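Just so it is clear, none of the values below were taken in a lab; they were calculated from the coordinates. All of these numbers come straight from a predicted model, not from anything done at the bench. All Cβ positions, even for glycine, are placed from backbone atoms using ideal geometry, and neighbour counts span all protein chains on display.
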Amino acid sequence: MSKDDDDAIRRDAPEGDEWQYLWLGAQRGHKAWMIVGPVHAVVTNWKLILGALAFVAWINRPEILAALDVLTGGGK
């Protein structure tokens with residue numbers, strides 16, 4: 001089925017109050033993006049977040065913490 005066969009696709013321009021409805025919807029969508037945007041960023045960047053959690057888990061191992069303590073001179 002091609003795009004031309006779909007009856008749900010509108011082929012003419014909005015009329016009268018439909019423009020106001022469309023612009024209001026676009027405005028509300030832009031305002032909602034301030035809330036939805038960070039949630040979208042977290043969901044789409046799950047690999048980065050998983051990598052950060054793995055790094056934090058690795059850095060909190062006792063051997064790594066002891067080595068960092070020696071390197072920074074905190075073990076004196």
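Assorted remarks:
- The chain - mean residue ellipticity at 222 nm from DSSP helices (-39,500 (n - 2.57) per run, n ≥ 4, rounded to 500): -23500 deg cm²/dmol
- Gyration tensor verdict on the chain (Cα atoms; rounded if a/c is under 1.5, prolate if a/b is larger than b/c, oblate otherwise): prolate
- Rounded to the nearest 20 debye, the dipole size of the chain about its Cα centre is 740 debye, using +1 on the Cβ of Lys and Arg and -1 on the Cβ of Asp and Glu.
- With semi-axes defined as the square roots of five times the eigenvalues of the C-alpha gyration tensor, the equivalent ellipsoid of the range 29-68 measures 35, 9, 5 Å, largest first.
- Dipole of the chain, positive direction: furthest Cα of M34, L22, N45, with charges on the beta-carbon: N45
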